[in-house]
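This report refers to the structure that appears directly beneath it.
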Amino acid sequence: MSITRRNLLQSASALAAAAQFAKPAPSDRITVGMIGTGARAQELMQAIQQHPVAEIVSVVDAYKGRVERAIDRTNGRAKACRTHHDLLADKSIDAVVVATPDHWHRQIIVESVGAGKDVYSEKPMTYRASDGLDIIKAARAAERIVQVGSQGVSSLGQQTAKEMIQSGKLGKVTMIQAAYNRNTASGAWIYPIPPDAGPNTVDWEMFLGPAPKRPFSLERFFRWRCYEDYSGGIATDLFVHLCTTIHFIMNAKAPARVMAMGELYR
Ligand SMILES: NC(=O)c1ccc[n+]([C@@H]2O[C@H](COP(=O)([O-])OP(=O)(O)OC[C@H]3O[C@@H](n4cnc5c(N)ncnc54)[C@H](O)[C@@H]3O)[C@@H](O)[C@H]2O)c1
């Protein structure tokens, strides 16, 4: 067929229209598995769903109610896996989101990169500092991406602060004060326990994983930040955000010295 100006323009506009409406071909999609679909993961899912090429295809969680909620968010398209091992065995999944309690992060990230997946993990990257070395080693060996979300550094406020400090506008910075203030039960991680939660809907062994064996406890399951077995408390839950921000705006790698004090004030 000879190309006339007219049919060239027609096919160009048809292509443009097709590009606008076409779904990416399967090979252009990034298929995502959600490991842990609790409070944070539900927010992350909304963000992922706005991404033009990402598609949440599988989910796994230790509480039935959250699996159902996550599947609903995908209009029933995502499938439920029984364990994260099943999800990682699925070769069609490109990337995973790790949004479990902190004591699971190291193991699941290491297994995920080992299974060839790129990883977005929630902060804190580690439950213990030494976990970080294992994660870095595994990510390098598998040549996979591991991104850890402490999202403040993506905000305009922190980027502007960084530019101001790095440009020298503020002179030599000798002290940074950073703080969180919370004065509610949920701020103290006393989260509500769903009425249908119990041994039939909560997989206790799956939650415990690498943590010490304990009898079934809904308080521990839903309020895990209050227990040392699963969380570093304020240090890993909130301070990690402040610390990440300070490192980011100062271009610092690690502190030379640290000191801490604490108390439970009421
Ligand atoms: N970036 C942020 O601002 C931000 C905010 C909130 C939470 N977080 C982080 O997100 C993570 C999750 O916190 P959350 O508030 O959503 O807690 P959550 O308790 O609401 O959710 C955790 C979920 O993980 C599930 N789970 C436990 N073991 C599992 C396993 N082996 N496999 C699959 N799922 C498992 C639990 O059933 C639970 O639903 C934490 O690491 C937390 O620090 C980050």
*Taking Lys253 as the anchor, which aspartates and glutamates have their alpha carbon closer than 19 Å to its alpha carbon, excluding any fewer than eight residues away along the same chain?*
Asp131, Asp134, Glu163
*Provide the net charge surrounding Leu88, with neighbours chosen by a C-beta distance below 9 Å and charges set as Lys +1, Arg +1, Asp -1, Glu -1.*
-2
*If the cut-off is 29 Å between C-alpha atoms, which lysines fall inside it for Lys79, apart from same-chain ones fewer than 8 positions away?*
Lys23, Lys64, Lys91, Lys117, Lys123
*asked:* How would segment 114-266 be classified by its alpha-carbon gyration tensor: rounded, prolate or oblate, with rounded meaning a/c under 1.5 and the a/b versus b/c comparison settling the rest?
replied: oblate
*Just need the relative contact order of the chain here, percent rounded to a whole number, with Cα pairs under 8 Å and 6+ apart.*
16
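Once you have a ≥ b ≥ c as the square roots of the Cα gyration tensor eigenvalues for segment 98-167, tell me rounded if a/c is under 1.5, and otherwise prolate or oblate according to whether a/b is larger than b/c. Working shown, then result.
Details: a/c = 2.38, a/b = 2.00, b/c = 1.19.
Here segment 98-167 falls in the prolate category.
As a check on your grasp of the helix formula, calculate [θ] at 222 nm for the chain: sum -39500 (n - 2.57) over DSSP H runs of n ≥ 4, divide by the residue count, round to the nearest 500.
Result for the chain, helices only: -11000 deg cm²/dmol.
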*List the residues whose amide H sits under 5 Å from the amide H of Gly38, counting only those 5 or more places along or on another chain, with H placed 1.01 Å from N in the peptide plane.*
none
*Cross-link partners of Lys169 among aspartates and glutamates (Cα-Cα below 19 Å; sequence separation of 8 or more within a chain)*: none
*Kindly write out, for segment 235-240 in residue order, the coupling ³J(HN,Hα) from the Karplus curve 6.51 cos²θ - 1.76 cosθ + 1.60 (θ = phi - 60°), rounded to whole Hz, with x marking Gly and Pro.*
4, 8, 7, 10, 4, 4
*Given the C-alpha centroids of segment 219-266 and segment 65-112, what is the distance between them in whole angstrom?*
26
*Using a basic spin-label model with each label point 7 Å from the Cα along Cα→Cβ, how many nm lie between Ile246 and Arg40?*
2.0
*asked:* For Ala54, what residues show an amide H to amide H distance below 5 Å, using hydrogens built from the backbone and excluding near sequence neighbours?
replied: Ile30
*Label points 7 Å out from Cα along the Cβ direction at Lys169 and Ile190: separation in nm?*
4.3
_Computed over segment 158-266: relative contact order in percent, which uses C-alpha pairs under 8 Å that are six or more apart_ = 32
*Applying the Karplus parametrisation 6.51 cos²θ - 1.76 cosθ + 1.60 with θ = phi - 60° to the phi angles of segment 81-96, what ³J(HN,Hα) value in whole Hz is obtained for each residue in order, glycine and proline being reported as x?*
9, 6, 9, 5, 5, 4, 5, 5, 6, 7, 5, 7, 8, 8, 9, 10
*Would you calculate the separation in nanometres between label points at Asn75 and Ala197, each defined as 7 Å from the Cα along the Cα-to-beta-carbon direction?*
3.1
*asked:* Going by average Cβ density within 10 Å per residue, which order do the peptides 113-123, 152-162 take, highest to lowest?
replied: 113-123, 152-162
*Per residue accessible area of the chain, 1.4 Å probe, in Å²*: 63
*Counting only DSSP beta bridges with both residues in the chain, what percent are antiparallel, rounded to the nearest 5?*
5
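Can you give me the % of accessible surface on the chain that is carbon or sulfur? Probe 1.4 Å, all protein chains present, nothing else counted. Walk me through the intermediate numbers first.
Details: 9480 of 16840 Å².
Reported share for carbon and sulfur atoms: 56 percent.
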_Whole-percent pair-distance distribution, where bins are 5 Å wide, for the alpha carbons of the chain_ = 1, 5, 10, 14, 15, 15, 13, 9, 7, 4, 3, 2, 1, 1, 0, 0, 0
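The values are calculated or read from the model by the stated rules, or taken from the named source; none is laboratory data. Remember, it's a predicted structure, so these values are computed and weren't measured experimentally. Because the Cβ atoms are built from the backbone with ideal geometry, glycine has one as well, and the counts that use them run over all protein chains shown. The accessibility values were calculated without ligands, DNA or RNA, using every heavy atom of the protein model including side chains. Shrake-Rupley method; radii C 1.70, N 1.55, O 1.52, S 1.80 Å.
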